[in-house]
Amino acid sequence: MDKTKIKETFLGGIIRNNPTFVLVLGTCPTIAMTTSLFQAFAMGIATTFVLIFSNLFVSLLRDLIPDKVRIPCYIVIISTFVIIVQMVMQKFMPDLYTTMRAFIALIVVNCIILARAESFASCNKPLYSMIDGFSIGLGFTGALCLIGIVREFFAGGAFAGMKIPGFPAMSGTGASAFGFIVFGCMMALFNFVIQKVNERKEKMKAASLPLSGGKAERLGEVQV
C-alpha cells in the first residue's frame with residue numbers, strides 16, 4: 001500500500017482536481033441544485049455514493065470489460081447505483097426526491113462520474129479507486145454547499161432553511177443567472193487562493209534549500 005499515493009489521491013479531488021472549481025465538470029447540477037444548502041448537500045452525497053461504488057466496480061471489472069464496450073458497461077454500472085439512490089430517497093425522503101427527481105436520474109450521465117471511471121478507476125486498484133471516488137465526491141459536495149450557502153443567503157435571507165432576522169430576500173438572486181455569477185466568483189476565488197498557497201510553498205521550499213544545493217553553486221559560478 002502506497003501511503004503517498006493514497007494521500008495524493010485523497011487530496012487531489014478536494015483541491016488539485018476539484019471537479020467544480022478546477023475541472024469545471026457537472027455544471028448543470030451545480031447551478032440547478034444549489035438554490036439551498038440542503039439540496040446542494042443532498043445532491044453531493046448522492047453523487048459521492050455513486051462515485052465511490054461505480055469506481056469500485058469499474059476497477060474490479062476493468063480486466064473483464066472489453067475495450068470496445070467499456071463506456072456502455074460503465075453506464076450500466078453507474079445506473080445500478082443511481083437506481084439504488086433513487087429507491088432510498090423515494091422511500092425515506094419522498095419530498096426531497098420529488099424536488100430532485102430529474103437531476104438524480106441525470107447522475108447516470110454526469111461527466112464527473114464517467115470521467116473518473118474512464119481516467120482513474122479503469123487503470124487503478126479498487127482501494128485507490130474508492131478513495132478517488134470519495135475525494136472527488138467530497139470536493140463536489142463542498143463546492144455545491146459553498147455555492148448553496150451564498151445563493152440561499154441572498155435569495156431567501158436564510159441559512160440551511162432557517163430565516164436570518166433582519167435580512168430581507170433580494171429579488172432576482174434566486175434565478176440561474178445569479179447562480180452562474182456566484183459560481184464564477186467562487187471559482188475565481190478558489191483558484192486564486194490555491195495559486196497563492198502554491199506560490200508560498202514554492203518560496204518556502206526555495207528558502208529552505210541547503211547552501212550547497214543552491215547558493216553555493218551560484219557562488220561557485222561567480223568565482224570561476
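Here are a few things to note about the model shown:
- Residues considered: Phe103, Phe134. Of these, the only one that is in contact (Cβ under 8 Å) with a residue 12 or more places away in the chain, within 16 Å of Asn18 (Cα to Cα) and aromatic (Phe, Trp, Tyr) is Phe134.
- Set Phe53, Phe57, Phe92: member being touching a residue at least 40 places away in the same chain (Cβ under 8 Å) and of a type outside the set (Ser, Thr, Tyr): Phe53
- Of all residues in region 161-187, those that are more than 30 Å from Val22 (Cα to Cα) have Cβ atoms under 8 Å from Cβ atoms of residues that are among the aliphatic types (A, V, I, L, M), 6 or more apart or on another chain, in Ile164/Ala158; Ala169/Ala155.
- One residue stands out among those in region 85-99 that are surrounded by 14 or more Cβ atoms within 10 Å (Cβ to Cβ) and among the hydrophobic types (A, V, I, L, M, F, W, C): the one that is modelled with the lowest pLDDT, which is Leu96.
- Filter pass, Ile78 being part of a helix (DSSP H, G or I), surrounded by 18 or more Cβ atoms within 10 Å (Cβ to Cβ) and at pLDDT 90 or above: yes
- Only one entry in Leu64, Leu106, Leu114, Leu56 is surrounded by fewer than 16 Cβ atoms within 10 Å (Cβ to Cβ) and more than 30 Å from Met162 (Cα to Cα), namely Leu64.
- Whichever residue in region 168-196 is under 18 Å from Phe38 (Cβ atoms) and modelled with pLDDT under 80 and, among such residues, is surrounded by the fewest Cβ atoms within 10 Å (Cβ to Cβ): Ala169
- Residue, farthest from Leu96 (Cα to Cα), within region 40-62, restricted to residues that are assigned to a helix (DSSP H, G or I) and of a type outside the set (A, V, I, L, M, F, W, C): Ser59
- Residues considered: Ser129, Ser135, Ser122. Of these, the only one that is in a helix (DSSP H, G or I), of a type in the set (Gly, Ala, Ser) and touching a Gly at 6+ places or on another chain (Cβ under 8 Å) is Ser135.
The values are calculated or read from the model by the stated rules, or taken from the named source; none is laboratory data. Just so it is clear, the model here is predicted, and its values are computed rather than measured. Reconstructed Cβ throughout: ideal geometry from the backbone, glycine too, with neighbour counts over all protein chains shown.
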